[in-house]
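These notes are about the structure you will find just below.
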Amino acid sequence: MSPVQEQTPAVADAQAFKDAMALLAAPVSVVTTVDDTGRRWGFTASSVSSVSLSPPLVMVGIALTSSCHTPMSQAREFVINVLDARHRNLAQRFAARGVDRFADGDFAAWQDGTGPQGPGQAGLPYLPGAKVLLRCRAVDAIRAGDHDLLLGTPLEIRTNSATAPPLLWYQRGFHTPVPSDHAG
């Protein structure tokens, strides 16, 4: 049992907790890495958050049961690709089990030579059209219940000027926000 589990009392109603968390809108990202053999890995994440400004740190939550858990938790670097409304199908594909998530060629390798490149290794996969790209150096993995919280410090940040609205996870589905017509 992890220290967090030991200090956290059981939730009285697990379904009520799940239902409540479904009401928290969260940006959708695809988190990617490459393992020591050059194999690309990636998964859809809605648990991505800034943690600290000094030093800059981000957190990615990954389920212990995820097919990407081992390579992600052992990665030296990873990329957070923040998605927008154009990427709904991509988010669904990277959330699916048993499919080649990189099959369509949407993802490219870092072209500037950054990332863990060496003999037999490809660059870190990233989505060129993402709203935000954060190439991160892994600094820690913290067990928290049935997830690991992967902490990383951004080494490179790229933003995209595309005006497409962000892709959000809300009420167990993908959504895009609609601008409000009323002023302040």
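Some points to look at:
- Calculated FRET efficiency for the pair VAL178/VAL139, C-beta based, R₀ 41 Å, to 0.05: 0.65
- Multiplying the residue separation of VAL51 and LYS18 by 0.36 nm and subtracting their alpha-carbon distance yields 9.6 nm.
Each reported figure results from applying straightforward, stated rules to the coordinates on display, with no laboratory input. Being a predicted model, the structure only gives us computed values, none of them experimental. Note that we place each Cβ from the backbone using ideal geometry, even for glycine, and neighbour counts take in every protein chain shown.
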